[in-house]
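A short worksheet on the structure shown next.
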Amino acid sequence: MILRLNTDIASGVLGLVFGAVLWFPRGDIGRLSIIFPRAILLILALISIALIVKGFIKPSGRQIEITGSPRRLATVMIGFFVWWGVVEILGFLLTTLIAFFSLTWYLARVETAVTWQRMLKWTPVILVLVGVFYLTFTEVLNVRLPSGMFF
Amino acid sequence: MDMLLEALTSLLTFESMLTVLIGVSAGLFIGAMPGLTATMALAMLLPFTFSMEALQGLIALGAVYMGSIYGGAFTAILINTPGTPSSIATTFDGYPMARQGRAYEALAAATIASVVGGIVGVIFLLILAPPLARLAVAFGPSEMFWVAMLGLTLVASLSSDSLLKGLLGGCIGILLSTIGVSPVGGESRFTFGYPPLQGGIELIVALIGLFVIPELLTMSAEGRGALPDGGELRKKEVSIAKIARRIFSKPANLIRSCLIGQVIAIIPGAGGNVTSLVAYNEARRFSKEPKSFGKGNVDGVVASESSNNVMVAGSMVPLLTLGIPGAPPDAIILGVLLMHGLRPGLDLFTQSGVLTNGFILSMGLAALMLLPVGLLGGRVIHRVVIRTPYYFLVPSIAMVTILGTFALRNSMLDVGIMLLLGTAGYFLRLIGIQAAPIVLGLILGGIAEQGYVQTLMAAVVDPIPWLRLVRNPLSMVLAGLVVLGAATALVPMWLARKGLLDKVDDNDSGGSS
């Protein structure tokens, strides 16, 4: 998918917005702690303005291209955040198993239809993979993974 | 000399060899996992060394350290994900090489460079430890500021498309590094009233997010694996001997990278990530084909991997002589030394000379062991990446990155930050802001801030405080290198913009024909 966008102006605006988010809370910070970030914020603002000016005078790119399917991109992006958000409710093991199955099913559909038989064939592989990593981290590395409502 | 021979004898036993082999293999595996750093590998091994003799424990730690730093190159080359921060620069050319079907060439070059780097580091450590340690003490705040600035000149090299966007990315990275408690003032900054942000943004979290997540999103959108379908190692076409000949026929890159690695390694706090970035930058700057860097130039892989493996032994210089860890994993080794009643300093090279020399030589042995273990391991990991369908690869990598990120500080917030940065990184890449300058800013921001603010604090009574940054000779030399570095990166860009380079190329081709 190709979108019309002046990338110089977009970068400059993004720099200014990011700088503004950090510029306004600086009043509560002491001199020693703000001296360096303030210098960088000023440099950031100058670069952003230069990019915006360049975008009007001599833009480097007027379009961006999202390769592949934007729908799949958005779904996987949201899927990652849902995975993260649900971990503390359902626990790492259950959430990861659900997320793994869902992602595999969703992405495999690109090539061909995914039948129940095919999913059943993948089940032991997914169970072993998730199980091995879960046990390695909890039992060998002593990492306490979120347990949630179940385990 | 007697001590060295005695140490060598104690090392050439079946038990020691086995320890090195297991250590290197374990380190390689851990280093290849995104999020699991060399420091974590050593921390995990620590409890096992309690029951070992001092020498065996140190041998195991040295071997794991060497293996994990090298292991980071595998995922950096095969899936564009630096296994350890030291491998960031390896992704720049290693992954493009793998995408071009030259994965074996990149892996073999990384292995040879790592072996050479590891051995050179050990030789440096044996010969130059005391004089270099004295030099390390001379690095005060202003010098550290210039070292960080020297690293930041790399932004110019990493921004071939747009220097301004590269600088913007660098600034964003530096500002991200300022989130949390200030290293000098001790106050919380930019936490927006949310206390968990006081811990700041962990480098590894940002690294995983900015490098891995955009790649996973692209793979999902395009419906493809990390490497092209049917991509083979092409082992038969490019032999290890041929790659070795190519690397050794142009030794300048290797020598320069090893020297850079050694010099930076002895500066406490700099670490392997800075080492490999600076070495990569210099390799590009001195190359006759700088434009080919970032597109699959094997010299980029060699520079990064040789310098970060020199750092393994190199960072032991300040550790063994002054007790100052040159890099975070060294702190764990310091703990083991102290646990066995060994105090860094002259005694370590006299009273406990056999033990110390045995430890140093074992790192050389571990470097040699990288060759067989690495080449075999590389084939196995490559096969896994190639043969796994992308719909298994994406959730598998996502699971490992989530686990690795969480395990750093047992924090789900870190996982959220990783995903947020990764998603932002995907869109930033679309508008031409690459991840590398942001990560560079994040790494060097803290070092630069500490050096800058401490220098200005010391110069509070000076009429022009910032002049303190260039007051002593070492600072002047470093500042000169920064100016020189920026100029050599910017002048070719300026010439190219004016079209002067095209004229030179035309003349060259005209002359040759």
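Key figures for this structure:
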read-out: Residue within region B:47-63 that is within 14 Å of chain A (Cβ to nearest Cβ), assigned to a helix (DSSP H, G or I), closer than 28 Å to B:Leu207 by Cβ and more than 22 Å from the chain's Cα centre (by Cα) present; value: yes
read-out: Residue among B:Val439, B:Val415 that alone is more than 10 Å from every other protein chain (Cβ to nearest Cβ), surrounded by 23 or more Cβ atoms within 10 Å (Cβ to Cβ) and assigned to a helix (DSSP H, G or I); value: B:Val439
read-out: Which numbered condition A:Val86 fails, given (1) more than 7 Å from every other protein chain (Cβ to nearest Cβ); (2) in a strand (DSSP E or B); value: (2)
read-out: Flag for A:Pro25 being outside any strand (DSSP E or B), surrounded by fewer than 19 Cβ atoms within 10 Å (Cβ to Cβ), out of contact with any strand residue (DSSP E or B) (no Cβ under 7 Å at 6 or more places or on another chain) and more than 9 Å from chain B (Cβ to nearest Cβ); value: no
read-out: Cβ-Cβ under 6 Å pairs, at least 6 apart or on other chains, region B:370-390 side more than 14 Å from chain A (Cβ to nearest Cβ) and under 22 Å from B:Leu21 (Cβ atoms), far side of a type in the set (Phe, Trp, Tyr) and surrounded by 14 or more Cβ atoms within 10 Å (Cβ to Cβ); value: B:Leu370/B:Tyr70; B:Ile381/B:Phe74
read-out: Meets criteria (buried (at least 20 other Cβ atoms within 10 Å of the Cβ), touching a residue at least 12 places away in the same chain (Cβ under 8 Å) and of a type in the set (Gly, Ala, Ser)) for B:Ser306; value: yes
read-out: Members of region B:141-168 that are facing chain A (nearest Cβ under 9 Å) and modelled with pLDDT of 85 or more; value: B:Leu164, B:Lys165, B:Leu167, B:Leu168
read-out: Leading residue by the ranking (nearest to A:Thr112 (Cα to Cα)) among those in region B:367-383 that are of a type in the set (A, V, I, L, M) and touching a helix residue (DSSP H, G or I) at 6+ places or on another chain (Cβ under 9 Å); value: B:Ile381
read-out: Hey, B:Arg246 buried (at least 23 other Cβ atoms within 10 Å of the Cβ), modelled with pLDDT of 80 or more and in a helix (DSSP H, G or I) or not; value: no
read-out: Residues located in region A:1-19, provided they are surrounded by fewer than 13 Cβ atoms within 10 Å (Cβ to Cβ) and either without any contact (Cβ under 8 Å) to a residue 60 or more places away in the chain or within 8 Å of chain B (Cβ to nearest Cβ) (or both); value: A:Arg4, A:Val17
read-out: Verdict on A:Ser48 being at the interface with chain B (Cβ under 9 Å from one of its Cβ atoms), crowded, with 16+ Cβ neighbours inside 10 Å, part of a helix (DSSP H, G or I) and touching a strand residue (DSSP E or B) at 6+ places or on another chain (Cβ under 7 Å); value: no
read-out: Exclusive hit being at pLDDT 80 or above and either more than 20 Å from the chain's Cα centre (by Cα) or in a helix (DSSP H, G or I) (or both), set B:Ala76, B:Ala7, B:Ala41; value: B:Ala76
read-out: Lone qualifier among A:Thr75, A:Thr95, A:Thr104 - being in a helix (DSSP H, G or I), more than 9 Å from chain B (Cβ to nearest Cβ) and under 26 Å from the mean Cα position of the chain (by Cα); value: A:Thr95
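The values are calculated or read from the model by the stated rules, or taken from the named source; none is laboratory data. Since this is a predicted model, take the numbers as computed values, not measurements. Counting neighbours? That spans all protein chains shown, and the Cβs are built from the backbone with ideal geometry, glycine included.
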